[in-house]
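Note sheet for the following structure.
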Amino acid sequence: MSDEIDTEVTQLFEGARKEGLSVIETAHDLHALGEAKVRVLGRKSALSSARSGLRGAPEEKRRSLGQLANAVQTELEAAVAAKQRGFEASERAARWDREAIDVTLPGDAPSLGSLHPLTQTVWEIVDIFIGLGFKVAEGPEVELAKYNFDALNTPAHHPARSPQDTFYIKEGEEEFVLRTQTSPMQIRVMESQEPPVYVVVPGRCYRRDVQDATHLSGFTQIEGLAVDEGITMGDLKGSLQLVAREIFGRDLDVRLRPHHFDFTEPSAELDVQCFACRGSGCRICKQEGWIEVLGCGMVHPYLLEWVGYDTHRYSGFAFGMGPERIAALAHGVADIRMFYENDLRFLNQFGGIR
Amino acid sequence: MRVSFNWLRELVPVEETPSKVAELLTLSGTKVEAIHRPGESINGVIVAEVIDIGEHPNADNLSLVEVRINDADTRRVVCGARNFAVGDHVALAPVGSTLPEMAVSERRIRGAISQGMLCSGAELGVSKDHSGILVLPPDSAEGEDVVTALGLDDTILEFEITFNRPDCLGMIGIAREVAALTGTELEMPDAAPATPSDGASPVDVAILDPSGCPRYVARYIEGLRTGPSPGWMATRLAAAGFRPISNVVDTTNYILLETGHPIHAFDADKVTDHQIVVRRAEGGECITTLDGIERTLDAADLMIADPSRALAIAGVMGGADSEVTEGTADVILESAYFDPASVGASSRRHLLRTEASARFERGADFDAAPYAAARATKLIVQLAGGRPSGDMTDAYPVPLERRSISLAPRKTEALLGMRIAAARQVSYLESLGFRVTIGDETLAAEAPSFRPDIQRDVDLIEEVARLAGFDGLPSTLPRGVAGGLDSRQLAERRLRRTLAAAGMHEAWTTSWASERDLDALALPTDHPARSVVEVANPMSEDERHLRTTLLPGLLRSAAHNLAHRVEGVAMFEIARIYRPTGGLPQEPLLLSAVFCGLHRPQRWHGPGEHWSFWAAKGVLEAVLTAMGVGETEWSKVTGMPWHPTRAANITAAGVTLGTMGELHPDVCERFKVEQGAVVAELALGPLVDAQPGRVKVRDLPRFPAAYMDLSVVVEEAVPAQTVETIIRHAGAPELVEVRMFDLYRGEQVPGDHKSLAYGLELRVPDGTLTDTQANQVRDRVIRALHDQAGAELRS
Ligand SMILES: [Zn+2]
């Protein structure tokens, strides 16, 4: 073997490299690149035929020529791979373009309904009492006058008994009224069990009030009753303070102010510092700085005696509050009749499932 | 109750400011609702004397009035009122002065210059009277500031007085509270007679009903002259909301305000034989009361009468024909104590609540009758002249006794949860007028005659507590029990939440109903909802009943929303209805729902959909499943208010749940939901009782299922649920799931027929179902459908 052959083979490889690179370079898509790959690296490629020339090369040159052949092959393969990656990348990019969406278009939400604001308010209040160890009871709206008044120590001649103030029901022999408060449930609950009693009673009540922004002839009340050994007025104050702060704001002042109810003694009203003006006086609190939120007191022994509890052993506290008023204050509803109008533009504001 | 602070200060030497006193009273249970300062916004308005009333040159209805404000100075003002005369004292608001609602400037009125204005009571804010200008009492001084002349340099405290405290419906009662709260002494107004008695009383009192009238004090005053009250009295009455009338009548009102004890004056000439008879009314007896209304009396009404006729409804209102008038010279003053229940009953019976009845029905002070009479006598003599004739008559057959109550001071501490030394408790009670005797473990407190509310020891505890102040109470928590909701209450909450999650809005409507609602639903007369609980005294025609269905309320809410251009309504309500029983009504809970308008609005990628029976049914089915109600059966129902062919009764395991369907179009029209509505009304009981219980998991299948579709043609009349039930029964046990996916009517099936297509899922637990097994199931199903429903396989 002569040096000529050596040079000739070297040139063949060099030619295969150049041609190969140019063929790969001119491939304009993945398909053409496939064909180009066969053409420059396949069995019929210039590289392949140059390799067959190696067999005639002298022994001592074969090794370096072989290395040259491998180098050319590697270079060509790399060129194909690089080209392929380029094509794949641009194809993906084109796909992303094709698949582009406007993420700002509105979503297709399932429609969620809403729980009535009064349901939400009643649940919120009831749940606080559940946390304090109370159960929940409900009772009749059409009530015996005996339970609505007599058992609750209402004087026989009290104006609340008049048909101007209280709805009476035409039924049977006994005197029935639409309960004017949830308080008769104090009697029903105590009649049905022995102490300890810890119960809250949400329910609808009725009074012959001319309806306006703050009065309804049918409205909601939540009654509460705790009767146990050693219940004190301090317990009443602590429990209701806690509840009022949970509802209106933990940093607000709460005060108990003496009042009168026939079925509690001593009786009180609970005022919460006005959440709007923090006590300095504004329209919401009628310049008083305080907002009255509920009535309460120590259960009158008359009631305990009525149900046959031992008044030496047991004492209790009771309270009643109006969810309409509390919801109106909490949500800034100027007219509580809104709660019974069921205007969806109103109800939707309480949307979501709470 | 409106209290003049200036007046209050005459009764108790209080140093504190009105605001401070208001706070003390509020925090001890006598709540101040508002504080008024009437003179605050009046500036520069003065007393002037009218010296000339001339014609306005250009206006018949106006006059030019010249007033004098001092010897040297007069003003000419244009005035539209004519209720005054030359010599009268009036309130002049000169140019530059201010009134509550305006600042006064010089004005030209119809060509005449007005140097200010003459004020009406309304303009000064002292009354609501716009009709004329306010004529001031003659004892006011020219040039004096109207604020002082009318006593407007005062603070008015407006109280909310609770039913148990009639004593606080008088100045003395409020003053007593203030004295107790500030550690000062109450100064009772002087009631001592100016001249000693000159013999027996000319008034004869016969109490025929001592239980209705335990005590009757009468006093004869002769030779008086009625006339206007002095300014100070008129001012105080006006501030408290009374219209001044004449010195005698005003004095009775003044004494009512001062003492809290109602008194009445009769024209003595109109009282036959000067004889007062207290008795119950006679059958058919009538009286025309002071308000001019003729009232037929009830045999239970307690009357003040003379031997010939009724003079007054005791404790409520006097009669018109014995009224004190301008010509009255002699009066008989009444100061009595009437039974609270009797006065309350008469007041309610005649729908007549007066200042007097409000006090008597709460319980007046039985010891105050002579004092009030003496005090009134003193004032009348002072203001109207005349002199008392003879002694006071005090008919008091069975004297009432003050109640003595024993209290263990320890119990006060135990009930309040607060330490208050026994001595302190005693001093609180004494400051309120109790006479206290101290024993070993207990004390005995004798309640004052003006405190009818004090009945037992807890009432004393309240007195102690409110004077000690509730601020001092500790804040503690009771021990409680294992609180929480029971399973039904939990289920009801779950139901409400599920309905809301399913896209429905919860509504609350009122319990009121009327015949009209039931007529609008066109319910037949024998429909159970026609049997109603009636309100004896409804406030309106539409509120005569308690509801027996929730639908009218929900439909009205739906209509309200549609009228406000809300496009779709899906609402539910869970509430009670009321069923008469002869005793206490039943009050079962219902779940009702209304669906109308758009179910889904049109979206950018899809059209809008209206609520259909099936869309609504789907919501209901999902909710029933969530509540653990098992398989439901839907069978057609007819009768109002339902669409004749588009409504169903729903049952589950033989228990009726309720009805769902389209509303009859006539009903929709009456409720103004013309586009139609799907509604449902279900009993709540079976839903909250269903209680799904604890889930027991089935193993997941280990072998693949076989799936096949089946289309069958049946007559229109065959319900889909029947077809599905046949498939389920015939396909068992390999058939584990059936889902209907197509309904076809048209050319490819005979008329009056429909094609139903079902996807079937078959599996066996222990292996893969072979084709042969699957085909056997298929054949069984096809045969059963053919035999039981006349179904043919659709080719
Ligand atoms: Zn405020």
Output row, site B:R243, 7 Å Cα→C-beta label point, backbone N cut-off 19 Å, window the stretch B:259-294, residues B:265, B:289-294
Which of the lysines could be linked to A:K170 by a straight reach, that is with a Cα gap under 18 Å, when you skip same-chain ones fewer than 8 residues away?
-> A:K146
Subtracting the Cα-Cα distance from 0.36 nm times the residue separation, let me have the gained length for B:E621 to B:E716 in nm, one decimal.
-> 31.8 nm
Measuring from label point to label point, each 7 Å out along Cα→Cβ, what is the B:Q455 to B:E669 span in nm?
-> 6.0 nm
Backbone HN-Hα couplings from phi across the stretch B:314-328 [Karplus 6.51/-1.76/1.60, Hz, Gly and Pro as x] = 3, x, 10, 7, x, x, 5, 7, 10, 5, 6, 10, 4, x, 4
Could you give the length gained on full extension between B:S308 and B:T770, defined as 0.36 nm per residue of separation minus the Cα-Cα distance, in nm?
-> 155.0 nm
Sequence-distant or interchain residues sharing an amide H contact under 5 Å with B:R295, placed H: which?
-> B:I287, B:T288, B:T289
Computed accessible area, B:E158, all protein chains, 1.4 angstrom probe, square angstrom | 60 Å²
Expressed as a whole number, the average count of other chain Cβ atoms within 10 Å around the Cβ atoms of A:127-137 is 4
Between the stretch B:490-542 and the stretch A:110-150, the Cα center-to-center distance that results, in Å | 19 Å
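Given a 1.4 Å probe and heavy atoms of the protein chains only, how would you sort B:H527, B:H130, largest accessible area at the top?
I get B:H130, B:H527, largest accessible area first.
Enter the buried accessible area of the B/A pair, total of both sides, probe 1.4 Å, in Å² rounded to the nearest 100.
Summing both sides, the interface buries roughly 8200 Å².
State the number of lysine pairs found in the stretch A:2-99 whose Cα atoms come within less than 17 Å, restricting to pairs 8 or more positions apart or on distinct chains.
4
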Using only Cα atoms, locate the centre of the stretch B:721-795 and the centre of the stretch B:321-397, then give the distance between them in Å, rounded to an integer.
-> 94 Å
Evaluate E = 1/(1 + (r/R0)^6) for B:E515 and B:K128, where r is the Cβ-Cβ distance and R0 equals 35 Å; express this FRET efficiency to the nearest 0.05.
-> 0.25
Rounded to the nearest 10 Å², the accessible area of B:D269 using a 1.4 Å probe with every protein chain kept is 120 Å²
Taking the Cβ of B:P641 as the centre, find all other residues whose Cβ is under 13 Å away and add up their charges (Lys, Arg: +1; Asp, Glu: -1).
-> -3
Burial of 50 Å² or greater, the stretch A:162-181 residues [accessible area, probe 1.4 Å, versus chain by itself] = A:Q164, A:F167, A:K170, A:E171
Just from its helices, what would the mean residue ellipticity at 222 nm be for the protein assembly as shown, if runs of 4 or more DSSP H residues each count -39500 (n - 2.57) and the sum is divided by every residue, rounded to the nearest 500 deg cm²/dmol?
-> -9500 deg cm²/dmol
Computed over chain B: longest principal axis from alpha-carbon atoms vs helix B:487-501 long axis, angle to nearest 10 degrees, is 80 degrees
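Going by accessible area, probe 1.4 Å, with all protein chains left in place, what is the ranking of A:K18, B:K128, largest first? Intermediate results must be reported in sequence, preceding the final value.
Details: A:K18 130, B:K128 190 Å².
Per-residue accessible area, sorted high to low, gives B:K128, A:K18.
If you roll a 1.4 Å probe over the heavy atoms of the protein chains, what accessible area per residue do you get for the protein assembly as shown, in Å²?
45 Å²
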Residues whose placed amide H lies under 5 Å from that of B:S389, excluding near-sequence neighbours | B:Y220, B:I221, B:E222
Lysines near B:K20 by alpha-carbon distance under 27 Å, same-chain residues fewer than 8 away left out - which ones?
-> A:K237, A:K286, B:K31
Each residue of the stretch B:468-478 in turn: what ³J(HN,Hα) in whole Hz from Karplus with 6.51, -1.76, 1.60 and θ = phi - 60°, glycine and Pro shown as x?
-> 5, x, 6, 4, x, 5, x, 10, 10, 10, x
Going 7 Å from the Cα of B:R493 in the Cα-to-Cβ direction, what parts of the stretch A:317-354 have a backbone nitrogen less than 16 Å from that spot?
-> A:353-354
Extension gain, B:W232 back to B:E541 (0.36 nm per residue minus Cα-Cα distance, nm) = 106.3 nm
Accessible surface of A:E91 in the full protein assembly, 1.4 angstrom probe, to the nearest 10 Å²?
-> 120 Å²
Aspartates and glutamates with Cα under 12 Å of B:K270, excluding same-chain neighbours fewer than 8 positions away | B:D306, B:D321, B:E323, B:D330
Considering only protein heavy atoms, with the full assembly of protein chains and a 1.4 angstrom probe, order A:H158, B:H261 by accessible area, largest first.
-> A:H158, B:H261
Neighbours of B:A680 by Cβ distance under 14 Å: Lys/Arg at +1, Asp/Glu at -1, summed charge -2
Taking the simple approach of a point 7 Å from Cα along Cα-to-Cβ for both A:A156 and A:D29, what is their distance in nm?
-> 10.7 nm
Accessible area of the stretch A:117-350 belonging to carbon and sulfur atoms, whole % at 1.4 Å probe | 46 percent
Quantify, in whole percent, the carbon and sulfur part of the accessible surface of the stretch A:1-89 (1.4 Å probe; protein heavy atoms only).
-> 52 percent
Total charge of the residues flanking B:A408 in space, meaning their Cβ is under 11 Å from its Cβ, with Lys and Arg +1 and Asp and Glu -1, is -2
First measure r as the distance between the Cβ atoms of B:D699 and A:Q84, then evaluate 1/(1 + (r/R0)^6) with R0 = 56 Å and state the FRET efficiency to the nearest 0.05.
-> 0.70
Pair B:E144, B:T288: separation of 7 Å Cα→Cβ label points (nm) | 3.9 nm
So for R0 = 45 Å, FRET eff. of B:T74-A:C282 from the Cβ-Cβ r, to 0.05, ends up at 0.45
Any chance you could give the angle, 0 to 90 degrees and rounded to 10, that helix B:551-563 forms with the longest Cα principal axis of chain B?
-> 90 degrees
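The values are calculated or read from the model by the stated rules, or taken from the named source; none is laboratory data. A quick note: this is a predicted structure, and the numbers were derived from the prediction, not measured. All Cβ positions, even for glycine, are placed from backbone atoms using ideal geometry, and neighbour counts span all protein chains on display. Protein only, heavy atoms only, side chains kept; ligands, DNA and RNA dropped before computing areas. Shrake-Rupley method; radii C 1.70, N 1.55, O 1.52, S 1.80 Å.
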